[in-house]
2 protein chains.
Amino acid sequence: MVGMRDVAKEAGVSVSTVSLVVNGTGYVSDDMRAKVEAAMHELHYIPNELARNLYRNRTNTIGVIVPTILHPFFATLTAHLQREFAKRDLKTLLCSTADAATGESEYVNMLQRHMMDGIIMAAHTEHQPDYWTSINRPIVAFDRILGEGVPSVRSDHEAGGRMIARQLIGSGARHVVLVGGPRSQFAEGTTFPTVRYHLTVEQMTAEAGIACDYVEAGSVTDVVAHEATAAAIFQRYPDVDAIVGSDVVAAMALQEAERRGINVPDELQIIAYDGTMAAELAGKRLTMVRQDFAGIAAALAEQMDQQIEAENGSERSGQAGEPSNASESAQPGQVVPVSFIAGETTR
Amino acid sequence: MVGMRDVAKEAGVSVSTVSLVVNGTGYVSDDMRAKVEAAMHELHYIPNELARNLYRNRTNTIGVIVPTILHPFFATLTAHLQREFAKRDLKTLLCSTADAATGESEYVNMLQRHMMDGIIMAAHTEHQPDYWTSINRPIVAFDRILGEGVPSVRSDHEAGGRMIARQLIGSGARHVVLVGGPRSQFAEGTTFPTVRYHLTVEQMTAEAGIACDYVEAGSVTDVVAHEATAAAIFQRYPDVDAIVGSDVVAAMALQEAERRGINVPDELQIIAYDGTMAAELAGKRLTMVRQDFAGIAAALAEQMDQQIEAENGSERSGQAGEPSNASESAQPGQVVPVSFIAGETTR
DNA sequence: CTGAAAGCGCTTACAG
DNA sequence: CTGAAAGCGCTTACAG
């Protein structure tokens, strides 16, 4: 492997000079520069980033922790994040907790070993907030609250809930079924902001005198489970006339409805929450509440930037041991708007 | 930041001893080990992987180059790859060429700068084979041929084509429309093995006296384009009674058929090629040819392992400058079987 | 079994 | 403007 030393020798200059030329920093005479560049070409020199990483204590890599990239929701999120990070010359390390046998803590471990510069946390975690706040490295959460000092970004799920409820009420729905995660996540002080759309729909339909039942969907990881969930809805609630759930659930519900000869949207309305590509592949164009993935990714990347900058800053000035997460002043959570897109599955 | 030196000082031993304890290599007396471990705990020591990386000239990271992870095909491939790599303690760097403004050559550049240990190439490239063979670092191609010495893995597309043709012929199809990539890729000596399933179907239907037209789909990146493609098929070929295309195309074709009141499968059969989750979300359970993603990922990872091992080996023994890609003896391409799964869209 | 030393390939003050 | 030196944090022969 040809290194800077070889280039320096070939060009008859010092290693420092080669470094200056490679990095375009500092002043180098045109004469020297030419000699060095010639030598670099001659030897096909390619700088080794690992040495730089060590010196800077930086990898320019961000880990994106998601349950699985097989799910369109997380694929979409990840794709948009990669775009944002690439703009900032940051690489995206795919960290899924369901696809690999690697839990979040192993990824956090890698963060602490400086294998990455930061983590976007968008997967489930059993850890208590004090776990997350004690890590003391750049972490930004998506759609969950990991504790004081860990900035977080989420969609405006309350608004999403209102949009859905308004549609259902306005179209004369009588019996709504909501599909979502484990009901245990709905406890007071939940760290899952997503539940807010469910809660909003439940509240508004109740006020309007509309029946609203809740069905727990299978794991986000398992598509087959969603199929079973869809079938179960019709069995358990034969008079259901509106189903609300994630794209995947909505698509499966539509498929099941067609199979049972139920007319959509006349007899049954379906609303998909998320608005990924999955919603476009269904049997009809699904009506949906679309999350603004581009906006979410931009906000997450922005927060990550700040976290990283704060870390660099505090390293220079702050005392080593003091555990102080960056940007204490961070909002409890940045909120990104959602939008309602009427399709062929509502009336 | 607390380093090995601090631990050594605290424990009253040398840095070498700390290193031995951390790595569990070599012999260390229980006495020393205990002292070191106590000190590590005391100081909350966490090893910095960057230094190791530099010494080993390794990152344990593999870049996966795909057009976009938004497409279920590549999401599925990537998810399975990550699983395989994780088993081998390798991390997965997401390298998409369409989501970010980063082309393959930038990723190759990163490979050469030792920001990763290898690349799985599954995206389009304009480069000639001599570009790829001259890189001289671990590269494994998926579903494309990048030149002598670059191992490659693909599905058995001929078999896939035969399965499709048999179904169509057996069910009495009269007018088949195949949807696929730009026809220019079909030239003699193409580096795109995928076209073999199209060619096989065309040949077999021709022999059976069945009409078979080819429609170019939009970019793999663009889902909306697929919708337009689907609509165009029905306009251009009003008597079409069988459509074959990727999951996404098939799903959109089904949607369009239902919209036009065309009965599937009685009047129109649809076969999806790939067999990702996208095929399950469609209006009906699509009949499909499923690629064995797990098998593909395993084969790719296996080849990558060999490439990396070969690189390490040649580094020790071989002379530096000699460009010689690992495993010259690699097969022209490893072939993974596909399977036919009957759904509700064929008869 | 343990320690002093050299080195991974680069960067950055610091003299000149 | 250029070079010699120290150092990023760890690993690994090599003496003892």
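Straight-line reach from A:Lys35: taking Cα to Cα under 21 Å and skipping same-chain neighbours fewer than 8 places apart, the lysines in range are A:Lys9. Between B:Ile139, B:Ile169, B:Ile296, the Gaussian network model of chain B with springs among Cα atoms under 10 angstrom shows the greatest mean-square fluctuation at B:Ile169. Between A:Arg174, A:Arg144, A:Arg236, the Gaussian network model of chain A with springs among Cα atoms under 10 angstrom shows the greatest mean-square fluctuation at A:Arg236.
Close amide H partners of B:His71, meaning residues 5 or more places away or on another chain with modelled amide H under 5 Å apart, do not exist here. Database remark: amide H of B:Asn60 closer than 5 angstrom to the amide H of B:Asp117 (H placed geometrically; neighbours at sequence offset of 5 or more, or on other chains; Pro and chain starts carry no H). Plainly put, the tip 7 Å out from Cα toward Cβ on B:Phe186 is 5.6 nm from that tip on each other copy, the closest given first. Scalar couplings 3J(HN,Hα) for the stretch A:16-25, obtained by applying the Karplus form with A = 6.51, B = -1.76, C = 1.60 to θ = phi - 60°, are 4, 4, 4, 4, 4, 5, 4, 8, x, 9 Hz; x denotes Gly and Pro.
A point 7 Å from Cα along Cα→Cβ stands in for B:Ile341, and the other copies hold the same point at 2.6 nm, listed in rising order. For A:Val336, the residues whose amide H sits under 5 Å from its own are A:Arg154, A:Ser155, A:Asp156, ignoring neighbours fewer than 5 places away on the same chain, with H placed 1.01 Å from N.
Give the relative contact order (percent, whole number) for chain B; include only Cα pairs under 8 Å separated by 6+ residues.
Values: 609 pairs, mean separation 59.1, N = 347.
The normalised contact order for chain B reaches 17 percent.
Starting with the fewest neighbours, write out B:Met277, A:Met204 ranked by other beta-carbon atoms found within 10 Å of each beta-carbon. Let's see the in-between values first.
On the way: B:Met277 22, A:Met204 18.
Ordered by Cβ neighbours within 10 Å, fewest first: A:Met204, B:Met277.
Each other copy places its own label point for B:Ala51 at 1.8 nm from this one, sorted shortest first, where the point lies 7 Å along the Cα-to-beta carbon line. Mean sequence separation of contacting Cα pairs (under 8 Å, at least six apart), scaled by the length of the stretch B:157-292, corresponds to a relative contact order of 24 percent. 3J(HN,Hα) couplings calculated from phi for the stretch B:36-53 with the Karplus curve 6.51 cos²θ - 1.76 cosθ + 1.60 (θ = phi - 60°) are, in sequence order, 5, 4, 4, 5, 4, 4, 3, 8, 6, 6, 10, x, 9, 5, 4, 5, 4, 3 Hz; Gly and Pro show x. The calculated FRET efficiency for the pair B:Tyr55 and B:Glu106, based on their C-beta separation and a Förster distance of 25 Å, comes to about 0.40. Note on chain B: Kirkwood radius taken over Cα pairs, Stokes-Einstein applied at 25 °C and 0.890 mPa s, translational D equal to 107 µm² s⁻¹.
Determine by what factor the alpha-carbon radius of gyration of the stretch B:143-215 differs from 2.2 N^0.38 Å, reporting the quotient.
The value comes to 1.19.
When chain A is treated as a GNM with alpha-carbon contacts under 10 Å, the residue of A:Leu77, A:Leu54, A:Leu43 showing the greatest mean-square fluctuation is A:Leu43. One residue of chain B places its C-beta nearer than any other to the axis carrying B onto A; that residue and its whole-Å distance are B:Gly283, 1. In order along the stretch B:245-256, the phi-based Karplus estimate (6.51 cos²θ - 1.76 cosθ + 1.60, θ = phi - 60°) of 3J(HN,Hα) comes to x, 4, 3, 5, 4, 4, 5, 5, 5, 4, 4, 5 Hz; Gly and Pro are listed as x.
None of the figures in this text is laboratory data; all of them are computed from the coordinates on show. Just so it is clear, the model here is predicted, and its values are computed rather than measured. So basically every Cβ, Gly included, is an ideal-geometry build from the backbone, and we count neighbours across all protein chains shown.
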